[in-house]
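J.: Have a look at the structure that comes next, please.
The values are calculated or read from the model by the stated rules, or taken from the named source; none is laboratory data. These numbers come from a predicted model, not from an experiment. Every residue, glycine among them, receives a Cβ derived from its backbone with ideal geometry; neighbour counts consider all protein chains shown. Remember, those area values only see protein heavy atoms, side chains included, never the ligands or the DNA or RNA. Shrake-Rupley method; radii C 1.70, N 1.55, O 1.52, S 1.80 Å.
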2 protein chains.
Amino acid sequence: MRTKKYMLSESQMPTAWYNIVADMPNKPQPPLDPKTGKPITEEAMCRIFGEELVRQEFSTERYIEIPEQVQELYKIWRPTPVVRAYNLERALDTPAKIYFKNEGTSPAGSHKPNTAIPQAYYNAKQGIKYLATETGGGQWGSAMALACQYFNLDLRVYMVKVSCQQKPYRKLLMNAWGANVIPSPSDTTKAGRDVLAADPECAGNLGIAISEAVESALAHGEDTRYCLGSVMNHVLLHQTVIGEEALRQMEMAGDEPDVVIGCFGGGSNFAGIGFPFLRRNLTEGKKTRVVAVEPESCPKLTRGEFFYDYGDTAGMTPMMPMYTLGHKFQPTAIHAGGLRYHGAGSIVSQLYKDGLIEAVAVPQLETFAAGMLFANSEGIIPAPESTHAIAVAVREAQRAKEEGVQKTILFNLSGNGMIDLYAYEQYFAGKLQDGSLSDEEIRQAIENSKLRVNNR
Amino acid sequence: MRTKKYMLSESQMPTAWYNIVADMPNKPQPPLDPKTGKPITEEAMCRIFGEELVRQEFSTERYIEIPEQVQELYKIWRPTPVVRAYNLERALDTPAKIYFKNEGTSPAGSHKPNTAIPQAYYNAKQGIKYLATETGGGQWGSAMALACQYFNLDLRVYMVKVSCQQKPYRKLLMNAWGANVIPSPSDTTKAGRDVLAADPECAGNLGIAISEAVESALAHGEDTRYCLGSVMNHVLLHQTVIGEEALRQMEMAGDEPDVVIGCFGGGSNFAGIGFPFLRRNLTEGKKTRVVAVEPESCPKLTRGEFFYDYGDTAGMTPMMPMYTLGHKFQPTAIHAGGLRYHGAGSIVSQLYKDGLIEAVAVPQLETFAAGMLFANSEGIIPAPESTHAIAVAVREAQRAKEEGVQKTILFNLSGNGMIDLYAYEQYFAGKLQDGSLSDEEIRQAIENSKLRVNNR
């Protein structure tokens, strides 16, 4: 029985976020205004998002300083540990070394506060009083609720209706932190009412909830903005604090990862762990593999297409250049709610297009099996999202054994699964399925979405 | 907005537990064999508990070394932070400084693994294959399930039936870590069957669950032992790792607590934070106040009587000298499941009798109000048990303000409340009550229990 965790002191914490756009050989293409088909202006974006966040969205500076107050609040739980998973290695009988970065130690239980806190900070600084957002699995909504507490901001969260029912604790957590949670689709927005008119029993999805949150924020007035927990450049930027720490910690461990793995929904935890390692590939000629892991039921990178698509179901957001299954794609009800999103952000999509990152799709049952193996060996219940990264770490370790080679693996444990235990119950009861998709299903979702985009 | 957390490095972690018995002016009286009325022998105890644990139970050595393997496993989440609660101080507008030790960062979410791990370790080392235990709120059961995973021990947990229903996530957590959870009272033991015969609808309580777990362990054979998460001397001993760390951390902070506060159920987290500070009172002439906080609905220290009583409902355990409401006392269904126990352990009882520690009873609604204040200012959802310590920290801070004096407060946050959010839901819905007791109710419970003890 061995265990080793690598901890930074607070004085070793990063003081800047890393903006990978500065080092990309091909910059991401700009978001387009759906009305004009032209690149959207910063001014137009500022009606939706906080000003400083929009500036970051368009920035090409390599490093952006983390405001002192954000650094201060990060210290509530940061720096987070990097752990050598000796017990998992032993369980797999592998020559590979496995490390994980544990982002599940935040008060909200996931990496989401890394961006929730700066988003609340910048909005509050600008004088904004109200924020609206949406949440699927509830990780983002609860992180944002936590952050809004620190800055006395009122928060309204549109939560996918089926998640409200399946994850009552997540809703309670948001309530405990003072947020107003509205099951989506709701009758509080036109987008919600339209959906309900067509299907009164609609269980909701992230695309609809985004539409509702954006509409609600725009309707509420000048002191209100919208905020988002993934996909956007500024969100990915804030999450790089994960990888910046991990770089220093791997150095402490005297080790060098051959492969860095993150689960992939909209890209926030993946970018967080991956981009600082990619910087070394792009600027120092290193060759670290950086792997995004998506569910087989939502395989936008491995089986989607690259085109300009909406970020939401109703088509209210700017159009973004992305690998997507189409904004009309309706993912099946897998338990990794945070990975059920139809598209990848523009930076990750461009990196993937340029062959600078890898992607793998994993079936749900394999991810839960890997999650249990991890829980039983390392003693931490992983979030269903994070089990995707674990599953690929396990595959890599098994391959190292088969090939008889040494290998160093680092994955990001994006969150703990304490509030997701109902999912494990269903897994134990044999009620979960992989939710894999046929080529025809994917083709249809993409065609339908393209049709809508082209006829806008 | 400020935050400051004091972290030890792993090399600064304590390597020995502190046994307060060595320094007590009056040693605790011995447990008695209920059959003979004479002090129970170590040999008799060894039929129930692991050998090394029994040795520790009777030890008068001041320090007991923490085995290397236990130190290793502690490092999975230890050392835990001491945090200066600046935001809570500001919310209270108090001149007092408030610090808390955060034991909610363990994989099980509470301080319980501090003793679960050594208990599993010593039993495994002795060749034991199976363990039986009970759990009320589920914190202890899940910690023990975690610990048993590390040492390949099979675990059976008798979980109070009403908790199984109220806290399904706790049960799932134990299942995820491989434990067999049986709702108590059950038909797997004579103790359980007797209770069910008298009342088939019985919701269970900790006393009954202990009876079932002890009976089950004794019946199962030579490779099986029983284990307990509080009350006993060896359990309190293991928890002193909390206070030993906190001593060093307060030194780092350059501060000296005037008062150290822990919630009080069977005494484990209270002793954990308090005993190392008491050592300085006993051996160095310091005068730190050490305060145990119990619920008004289970006020064994503040309103119980000191006599030899059973640890369980069925009267299967040795008789212990303790402040107790009587083993027949049935606490009301407050949400701090870990504090719903009729008696205090023999060490804490002796210390209280000798005026070396203080005790306060707090009503449930005040504790939840304090818990919400803490959640909203410090961003951590506290376990319902821990809200008792917070409530008294708040009282102390308010008193400092009224009196216009400087004061330094340290409390133990024994666990986080992520899996206890249903309790907050009930609090929000106005469904909780204080559960305070009349003098007559207490008198009757004590008299009934004494009658049973005397007629054994």
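J.: Inspect all residues belonging to the range A:431-440 and state whether any of them is surrounded by fewer than 21 Cβ atoms within 10 Å (Cβ to Cβ) and part of a helix (DSSP H, G or I).
T.: yes
J.: Would the range A:343-361 turn up any residue that is open to solvent by less than 10 Å² (accessible area, probe 1.4 Å), away from every other protein chain (no Cβ under 14 Å) and assigned to a strand (DSSP E or B)?
T.: yes
J.: Name the residues in the range A:275-298 that are touching a residue at least 60 places away in the same chain (Cβ under 8 Å) and open to solvent by 60 Å² or more (accessible area, probe 1.4 Å), would you?
T.: A:THR283, A:ARG289
J.: Please verify whether A:LEU301 is farther than 28 Å from A:MET7 by Cβ, part of a helix (DSSP H, G or I) and open to solvent by less than 30 Å² (accessible area, probe 1.4 Å), treating the condition exactly as stated. Break it down stepwise before answering.
T.: Details: farther than 28 Å from A:MET7 by Cβ: yes; part of a helix (DSSP H, G or I): yes; open to solvent by less than 30 Å² (accessible area, probe 1.4 Å): yes.
Yes; evaluated as a whole, the condition is true for this residue.
J.: Could you grab me the full set of residues in the range B:1-19 that are surrounded by 15 or more Cβ atoms within 10 Å (Cβ to Cβ), facing chain A (nearest Cβ under 8 Å) and assigned to a loop (DSSP other than H, G, I, E, B)?
T.: Hits for the range B:1-19 are B:THR3, B:MET7.
J.: Still on this structure, I have one more. Regarding the range B:47-57, can at least one residue be identified that is open to solvent by 20 Å² or more (accessible area, probe 1.4 Å), touching a helix residue (DSSP H, G or I) at 6+ places or on another chain (Cβ under 9 Å) and modelled with pLDDT under 95?
T.: Yes, that holds for at least one residue.
J.: A follow-up question, please. Could you tell me which of the residues A:GLY435, A:GLY430 is in contact with a strand residue (DSSP E or B) (Cβ under 8 Å, 6 or more places away or on another chain) and on the phi > 0 side of the Ramachandran plot?
T.: Working: A:GLY430 fails: in contact with a strand residue (DSSP E or B) (Cβ under 8 Å, 6 or more places away or on another chain).
Testing whether each residue is in contact with a strand residue (DSSP E or B) (Cβ under 8 Å, 6 or more places away or on another chain) and on the phi > 0 side of the Ramachandran plot leaves just A:GLY435.
J.: If I ask for residues that are farther than 20 Å from B:TYR130 by Cα and free of Cβ contacts under 8 Å to residues at least 40 places away in the same chain, which ones from the range B:196-231 would you list?
T.: If the condition is that a residue be farther than 20 Å from B:TYR130 by Cα and free of Cβ contacts under 8 Å to residues at least 40 places away in the same chain, then B:LEU196, B:ALA197, B:ALA198, B:ASP199, B:PRO200, B:GLU201 are the ones that fit.
J.: Given the condition open to solvent by 10 Å² or more (accessible area, probe 1.4 Å), in contact (Cβ under 8 Å) with a residue 12 or more places away in the chain, over 25 Å from B:PRO34 (Cα atoms) and outside any helix (DSSP H, G or I), answer yes or no: does some residue in the range B:258-267 qualify?
T.: yes
J.: Got a sec? Which of A:ALA124, A:ALA91 is over 24 Å from A:ASN175 (Cβ atoms), within 14 Å of another protein chain (Cβ to nearest Cβ) and surrounded by fewer than 24 Cβ atoms within 10 Å (Cβ to Cβ)? Steps first, please.
T.: Values: A:ALA124 fails: over 24 Å from A:ASN175 (Cβ atoms).
Step by step, each of A:ALA124, A:ALA91 is checked, and only A:ALA91 is over 24 Å from A:ASN175 (Cβ atoms), within 14 Å of another protein chain (Cβ to nearest Cβ) and surrounded by fewer than 24 Cβ atoms within 10 Å (Cβ to Cβ).
J.: Against the definition (surrounded by fewer than 24 Cβ atoms within 10 Å (Cβ to Cβ), small (Gly, Ala, Ser), more than 20 Å from A:LEU237 (Cα to Cα) and in contact (Cβ under 8 Å) with a residue 40 or more places away in the chain), how does A:GLY371 come out, yes or no? Walk me through how you get there before you give the answer.
T.: Working: surrounded by fewer than 24 Cβ atoms within 10 Å (Cβ to Cβ): no; small (Gly, Ala, Ser): yes; more than 20 Å from A:LEU237 (Cα to Cα): yes; in contact (Cβ under 8 Å) with a residue 40 or more places away in the chain: yes.
No.
Residue-wise test of (1) open to solvent by 10 Å² or more (accessible area, probe 1.4 Å); (2) out of contact with any helix residue (DSSP H, G or I) (no Cβ under 7 Å at 6 or more places or on another chain); (3) closer than 21 Å to B:LYS167 by Cβ; (4) not in a loop (DSSP other than H, G, I, E, B).
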{"residue": "A:VAL392", "(1), (2), (3), (4)": "no, yes, no, yes"}
{"residue": "A:ALA400", "(1), (2), (3), (4)": "no, yes, no, yes"}
{"residue": "A:PHE411", "(1), (2), (3), (4)": "no, no, no, yes"}
{"residue": "A:ALA423", "(1), (2), (3), (4)": "no, yes, yes, yes"}
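J.: Oh, and also: Going by the structure shown, is A:LYS38 under 25 Å from the mean Cα position of the chain (by Cα), within 19 Å of A:VAL54 (Cα to Cα) and open to solvent by 70 Å² or more (accessible area, probe 1.4 Å)?
T.: On the way: under 25 Å from the mean Cα position of the chain (by Cα): no; within 19 Å of A:VAL54 (Cα to Cα): yes; open to solvent by 70 Å² or more (accessible area, probe 1.4 Å): yes.
Judged against the criteria, A:LYS38 is not a match.
J.: Give all pairs with beta carbons closer than 7 Å in which a residue from the range B:403-421 that is within 11 Å of chain A (Cβ to nearest Cβ) meets a residue that is among the basic types (Lys, Arg) and crowded, with 24+ Cβ neighbours inside 10 Å; count only pairs at least 6 apart in sequence or on separate chains.
T.: B:ILE419/B:LYS167; B:ILE419/B:ARG170
J.: Considering each of B:ALA292, B:ALA271 in turn, give the residue that is part of a helix (DSSP H, G or I) and in contact with a helix residue (DSSP H, G or I) (Cβ under 7 Å, 6 or more places away or on another chain). Quick ask: steps written out before the conclusion?
T.: Details: B:ALA292 fails: part of a helix (DSSP H, G or I).
Just a single option satisfies the conditions, and that option is B:ALA271.
J.: Quick one: which residue in B:GLY315, B:GLY338 is away from chain A (no Cβ under 14 Å) and within 14 Å of the chain's Cα centre (by Cα)?
T.: Values: B:GLY315 fails: within 14 Å of the chain's Cα centre (by Cα).
One residue alone meets the criteria, B:GLY338.
J.: Something else now. Exactly one condition in (1) open to solvent by 30 Å² or more (accessible area, probe 1.4 Å); (2) touching a helix residue (DSSP H, G or I) at 6+ places or on another chain (Cβ under 8 Å); (3) within 12 Å of another protein chain (Cβ to nearest Cβ) is false for B:GLY104; which is it?
T.: Result: B:GLY104 fails condition (1) only.
J.: Filter the range B:130-164 for residues that are among the charged types (D, E, K, R) and in contact (Cβ under 8 Å) with a residue 60 or more places away in the chain; which is farthest from the other protein chains (Cβ to nearest Cβ)?
T.: Within the range B:130-164, the first condition is being among the charged types (D, E, K, R), and the residues that meet it are B:134, B:154, B:156, B:161.
This time we only want the ones that are in contact (Cβ under 8 Å) with a residue 60 or more places away in the chain, so: B:134, B:156.
Values: B:GLU134: 21, B:ARG156: 17 Å.
Within the range B:130-164, the match that is farthest from the other protein chains (Cβ to nearest Cβ) is B:GLU134.
J.: Considering only the range A:304-319, state which residues are under 23 Å from A:TYR226 (Cβ atoms), open to solvent by 20 Å² or more (accessible area, probe 1.4 Å) and at pLDDT 95 or above.
T.: Selection gives A:TYR308 alone.
J.: Could you list all residues from the range A:371-393 that are away from every other protein chain (no Cβ under 11 Å), over 21 Å from A:LYS5 (Cβ atoms) and not acidic (Asp, Glu)?
T.: A:PRO384, A:HIS388, A:ALA391, A:VAL392 - these are the residues of the range A:371-393 that are away from every other protein chain (no Cβ under 11 Å), over 21 Å from A:LYS5 (Cβ atoms) and not acidic (Asp, Glu).
J.: Looking at this structure, is A:PRO107 closer than 17 Å to A:MET174 by Cα and outside any helix (DSSP H, G or I)? Steps first, answer last, please.
T.: Working: closer than 17 Å to A:MET174 by Cα: yes; outside any helix (DSSP H, G or I): yes.
Yes: the conditions hold for A:PRO107.
J.: What do you reckon, is B:TYR323 touching a strand residue (DSSP E or B) at 6+ places or on another chain (Cβ under 6 Å), without any contact (Cβ under 8 Å) to a residue 60 or more places away in the chain and within 30 Å of B:LEU196 (Cα to Cα)? Write out each step before concluding.
T.: Working: touching a strand residue (DSSP E or B) at 6+ places or on another chain (Cβ under 6 Å): yes; without any contact (Cβ under 8 Å) to a residue 60 or more places away in the chain: yes; within 30 Å of B:LEU196 (Cα to Cα): yes.
Judged against the criteria, B:TYR323 is a match.
J.: Answer yes or no as to whether B:ILE98 is among the β-branched types (Val, Ile, Thr), surrounded by 24 or more Cβ atoms within 10 Å (Cβ to Cβ) and within 14 Å of another protein chain (Cβ to nearest Cβ). Walk me through how you get there before you give the answer.
T.: Working: among the β-branched types (Val, Ile, Thr): yes; surrounded by 24 or more Cβ atoms within 10 Å (Cβ to Cβ): yes; within 14 Å of another protein chain (Cβ to nearest Cβ): no.
Answer is no for this residue.
J.: Would you confirm whether or not the range A:179-193 contains a residue that is on the phi < 0 side of the Ramachandran plot, within 14 Å of chain B (Cβ to nearest Cβ) and not β-branched (Val, Ile, Thr)? It would help to see each step written out before you state the result.
T.: Taking the range A:179-193 first, the residues on the phi < 0 side of the Ramachandran plot are A:179-193.
From the residues that got through so far, the ones that are within 14 Å of chain B (Cβ to nearest Cβ) too are A:179-181.
Next, only the ones that are not β-branched (Val, Ile, Thr) stay: A:179-180.
Taking every residue of the range A:179-193 in turn, at least one turns out to be on the phi < 0 side of the Ramachandran plot, within 14 Å of chain B (Cβ to nearest Cβ) and not β-branched (Val, Ile, Thr).
Residues checked against (1) within 30 Å of B:PRO384 (Cβ to Cβ); (2) within 22 Å of the chain's Cα centre (by Cα):
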position: B:ASP33; (1), (2): no, no
position: B:PHE49; (1), (2): yes, yes
position: B:PHE58; (1), (2): no, yes
position: B:GLN71; (1), (2): no, yes
position: B:ALA108; (1), (2): yes, yes
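J.: Hey, could you check the range A:45-77 for residues that are of a type in the set (D, E, K, R) and within 14 Å of another protein chain (Cβ to nearest Cβ) and say which is farthest from B:ASN102 (Cα to Cα)? Give the steps one after another, and end with the answer.
T.: Within the range A:45-77, the first condition is being of a type in the set (D, E, K, R), and the residues that meet it are A:47, A:51-52, A:55, A:57, A:61-62, A:65, A:68, A:72, A:75.
Filter again for within 14 Å of another protein chain (Cβ to nearest Cβ), leaving A:68, A:72, A:75.
Values: A:GLU68: 24, A:GLU72: 18, A:LYS75: 14 Å.
The residue in question is A:GLU68.
J.: Name the residues in the range B:443-452 that are open to solvent by 10 Å² or more (accessible area, probe 1.4 Å), aliphatic (A, V, I, L, M) and in contact (Cβ under 8 Å) with a residue 40 or more places away in the chain, would you? Lay out the reasoning, then the answer.
T.: If we filter the range B:443-452 for residues that are open to solvent by 10 Å² or more (accessible area, probe 1.4 Å), which is where we start, we get B:443-445, B:447-448, B:450-452.
Next cut, aliphatic (A, V, I, L, M) only: B:445, B:451.
Of everything in the range B:443-452, just one residue is open to solvent by 10 Å² or more (accessible area, probe 1.4 Å), aliphatic (A, V, I, L, M) and in contact (Cβ under 8 Å) with a residue 40 or more places away in the chain, namely B:ALA445.
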